[in-house]
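This report concerns only the one structure given below.
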Amino acid sequence: MNIKKRSFWGLLCLCTLTLTVSMLTNGCSLSSDKNATASKTGFCLDTVVSLTLYGTKEEAPLEECFSLLETYESLLSRIKEGSDVWNINHSSGMPVTVSKETAQLIETALDYSARSDGAFDITIAPLLDLWNFKPEQHEGTVPDADQIQEALSHVDYKKVQLDGATVTLLDPQASIDLGGIAKGYIADRLRDYLISEGYDSALINLGGNILTVGAKPDGSAFRVGIRKPFSESGEQLETVACKDRSVVTSGTYERYFEQDGKRYHHILSPSDGYPVENGLASVTILSPSSTDADALSTACFVLGPEKGLELIESLDGIEALFVTDELEEISSSGFQAYTIS
Ligand code: ADP
Ligand code: MG
């Protein structure tokens with residue numbers, strides 16, 4: 001995860017543009033308690049985080065969620081000195097003992113690498129260092145082809161050895177980045193905490209990575225908007241109804257820079273080291289687990305619509321919407337069941 005400071009308001013826009021969530025409650029039939037909400041917005045994980053609890057005015061669980069966010073950030077950040085990921089990346093191939101959460105997340109990430117035939121690969125970090133994306137300023141660097149070749153020679157998820165909570169990089173020059181999966185994982189952990197405290201209606205929004213907990217207090221589904229790629233007015237392409245479900249989008253249209261009239265975005269191909277160019281503008285995943293939705297949105301973006309759909313159809317309870325640069329929509333077999341016209 002690239003944790004650099006950026007403008008709070010810029011990110012607030014980014015976050016609201018990515019996915020908008022309609023929270024209309026059924027006012028007339030609700031008791032005052034059901035109408036109560038508590039919410040908190042802050043800057044964390046290099047993005048704007050917004051949490052809302054329904055049916056309560058309690059602020060304390062929100063404070064605890066923000067403290068959990070800090071804890072996870074200090075484990076999973078690539079650039080925070082002393083984090084688990086930082087320790088792995090500075091281990092020169094020596095075994096590193098990490099927290100059980102980090103080990104669990106790396107295990108899941110490696111599983112998605114295997115399922116996606118390496119399209120999702122957390123050892124993408126040497127390439128990310130070269131491209132040096134600074135999304136908030138829409139800046140970055142187009143590396144030389146030979147630099148890309150050299151970095152690519154260290155990209156291979158099979159070189160990450162996980163034994164319990166011990167991680168060893170079999171290639172000492174390899175390094176890992178969890179930016180394609182960490183927000184989803186953290187959203188799931190916040191959900192687990194809220195449920196353990198008895199909060200069963202909530203909305204977790206980590207920079208557009210949405211996880212709905214339960215349903216709205218009146219029992220109806222949350223409505224989550226999927227943004228129309230490139231739309232400056234924040235238009236929505238689809239709205240989906242969600243209970244206990246995560247909605248995560250990976251796209252080319254937010255985190256990118258332009259050079260010599262060409263656009264370079266931040267989802268890289270582990271095969272050639274360049275931003276993936278396959279005619280897709282975005283991929284949205286619907287899944288009960290936000291970890292799965294996050295990993296799959298990145299993986300399916302890299303795989304493209306054909307292989308991506310094949311992967312989605314092989315998984316239970318997960319749906320996807322692929323949107324091309326021409327705004328053509330390609331969806332998985334069960335996606336329409338969630339859409340609201
Ligand atoms: P966002 O971070 O905007 O929510 P994604 O979930 O698609 O978007 O994650 C993109 C991030 O994933 C990149 O910024 C980078 O940290 C990482 N990444 C880029 N390419 C890959 C890849 N092929 N496999 C795994 N992670 C990747
Ligand atoms: Mg992702």
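For the residues 177, 163, the requirement of being closer than 15 Å to residue 269 by Cβ and among the charged types (D, E, K, R) singles out 177.
Exactly one residue out of 276, 302, 248, 283 is in contact with a Lys or Arg (Cβ under 9 Å, 6 or more places away or on another chain) and crowded, with 20+ Cβ neighbours inside 10 Å: that is 248. Of all residues in segment 151-160, at least one satisfies being surrounded by fewer than 17 Cβ atoms within 10 Å (Cβ to Cβ) and in a helix (DSSP H, G or I). Just so you know, in segment 89-106 the residues that are part of a helix (DSSP H, G or I) and surrounded by 15 or more Cβ atoms within 10 Å (Cβ to Cβ) include one that is farthest from the chain's Cα centre (by Cα), and it is 89.
Scanning segment 63-88 for residues that are within 14 Å of ligand 1 (Cβ to nearest atom) and either surrounded by fewer than 18 Cβ atoms within 10 Å (Cβ to Cβ) or assigned to a loop (DSSP other than H, G, I, E, B) (or both) returns 77, 78, 79.
Residues are listed down the side, and each one gets a yes or a no for (1) in contact with a helix residue (DSSP H, G or I) (Cβ under 8 Å, 6 or more places away or on another chain); (2) within 16 Å of ligand 2 (Cβ to nearest atom); (3) free of Cβ contacts under 8 Å to residues at least 12 places away in the same chain:
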{"position": "168", "(1), (2), (3)": "no, no, no"}
{"position": "194", "(1), (2), (3)": "yes, no, no"}
{"position": "201", "(1), (2), (3)": "no, no, no"}
{"position": "205", "(1), (2), (3)": "yes, yes, no"}
{"position": "219", "(1), (2), (3)": "no, no, yes"}
{"position": "227", "(1), (2), (3)": "yes, yes, no"}
{"position": "241", "(1), (2), (3)": "yes, no, no"}
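Give me the residue from segment 207-217 that is among the aliphatic types (A, V, I, L, M) and more than 16 Å from ligand 2 (Cβ to nearest atom) and, out of that set, farthest from residue 289 (Cα to Cα). Don't jump to the end; show me each part of the working.
Start the filter on segment 207-217 by keeping residues that are among the aliphatic types (A, V, I, L, M), which leaves 210-211, 213, 215.
Still in the running and more than 16 Å from ligand 2 (Cβ to nearest atom): 213, 215.
Values: 213: 11, 215: 15 Å.
Applying the filter and picking the extreme gives 215.
Applying the set (1) surrounded by fewer than 20 Cβ atoms within 10 Å (Cβ to Cβ); (2) modelled with pLDDT under 95; (3) touching a Ser or Thr at 6+ places or on another chain (Cβ under 8 Å) to residue 223 leaves exactly one unmet item: (2).
The values are calculated or read from the model by the stated rules, or taken from the named source; none is laboratory data. The structure displayed is predicted, hence computed values, not measured ones. Every residue, glycine as well, gets a Cβ built from its backbone with ideal geometry; the counts of neighbours run over all protein chains shown.
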